[in-house]
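Notes follow once the structure below has been shown.
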Amino acid sequence: MTQLKLTFNNPFEAEGTWLKGVLHVHTTESDGELTPEQVVHVYYKRGYQFVAITDHWKLVNPSDFSITDDFLVIPGEEITAGKGLVGTPYHIVALNIKEELERGMFLKESPEDARAAIKTILNLGGLAVIAHPSWSDLCFADLLCLEGYLGIEVFNMTCHVTVDKGWSWSQWIGLLSSGKQVFGLAVDDAHWHTSTYNRLDAFGGWVLVKAKSLRVEDVLESIKKGLFYSSTGPLIHNVEVSNNTIHVKTSPVISISFLAYESRGRRYEATHSKYLTEVSYTIKGNEKFIVIKCEDGKGGVAWTNPIIVKDS
């Protein structure tokens, strides 16, 4: 078989340490119920290494409160800008911007506004992520017309537990099928709300980043390069890509899928045993992209960023 041309920054082969973090959280600085200090404390106690505080139209300065040396706070902000096809606004998470974005900056109420917002975020040295597309009723066409953003939230915990619109697989797969090479992230978007019929909207979606150190520059550089995977439960222990074959090792799961363009790819299920912990997939060359997705049978899912496939 002809050797295929594959594009994939494999975090499992990169130098560095695995760091667990959450990239979308709110505090009392906007509509959350915990202070920034409390947010840092609860994530630290849960074994996370970093958190991005992303209050609505408010940039919280990490130097304003005490942080332990082995925990990182990434400054951020969530804004709304422009509207999609059905008239609902884009929500955009700005990570590591150097100055606060203010209400009223983006008033055109069209995708043009969202494009301008992303450009502004990039000019401020930040990264832009499209928040909760399903909650916002954004289809993949709404996202296809934007440029410069890092990726979209494929899973959003608070949207999941409050209105059951936390998953945005169709938007992400649609973008990848259209040739848009963006990442898919799992986040909390925690506001720290609970009710009789809703569990806490935190500790449900995270990223595991391979970074050289626990510094903002190194963590953000790894995220920018796609050196991470996302999860709501399972662990991916290794991904090896060699000789047109992908070999995956995971924590015990009931299925491992290789999502690709149209009907291509394959799903492996634990039909002859209780769990799967590793499988191999032979790349055919017509997949366009491959996303490795693992399900644990308890509602937990983990997935990689896309492997881009091109015939050489």
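Tabulated data for the structure shown
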{"read-out": "Total residues in region 202-230, condition open to solvent by less than 40 Å² (accessible area, probe 1.4 Å) and within 17 Å of residue 69 (Cβ to Cβ)", "value": "5"}
{"read-out": "When residues of region 295-312 are limited to those that are open to solvent by 10 Å² or more (accessible area, probe 1.4 Å) and part of a loop (DSSP other than H, G, I, E, B), the one nearest to residue 210 (Cα to Cα)", "value": "306"}
{"read-out": "Unique match (being more than 15 Å from residue 10 (Cβ to Cβ), polar (S, T, N, Q) and touching a Leu at 6+ places or on another chain (Cβ under 7 Å)) among 273, 231", "value": "231"}
{"read-out": "Helices (runs of 4 or more DSSP H) contained in region 92-182 and holding at least 3 residues open to solvent by 50 Å² or more (accessible area, probe 1.4 Å) and farther than 30 Å from residue 196 by Cα", "value": "111-123"}
{"read-out": "Failed criterion for residue 64 (all others in (1) surrounded by fewer than 15 Cβ atoms within 10 Å (Cβ to Cβ); (2) modelled with pLDDT of 95 or more hold)", "value": "(2)"}
{"read-out": "Among (1) on the phi > 0 side of the Ramachandran plot; (2) touching a helix residue (DSSP H, G or I) at 6+ places or on another chain (Cβ under 9 Å), the one test that residue 89 misses", "value": "(1)"}
{"read-out": "Boolean, residue 81 is assigned to a strand (DSSP E or B), of a type in the set (A, V, I, L, M, F, W, C) and more than 17 Å from the chain's Cα centre (by Cα)", "value": "yes"}
{"read-out": "Among the residues listed as 147, 109, 99, 153, the single one being more than 28 Å from residue 217 (Cα to Cα) and acidic (Asp, Glu)", "value": "109"}
{"read-out": "The listed residue being in contact with a Lys or Arg (Cβ under 9 Å, 6 or more places away or on another chain) and among the small types (Gly, Ala, Ser), out of 82, 32", "value": "82"}
{"read-out": "Where residue 239 falls short, out of the listed (1) farther than 22 Å from residue 209 by Cβ; (2) open to solvent by less than 20 Å² (accessible area, probe 1.4 Å)", "value": "(1)"}
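The values are calculated or read from the model by the stated rules, or taken from the named source; none is laboratory data. Owing to the predicted nature of the structure, the values given are computational and were not obtained by experimental measurement. Every residue, glycine among them, receives a Cβ derived from its backbone with ideal geometry; neighbour counts consider all protein chains shown. What goes into the accessible areas is simple: the full protein's heavy atoms, side chains included, and nothing from ligands, DNA or RNA. Shrake-Rupley method; radii C 1.70, N 1.55, O 1.52, S 1.80 Å.
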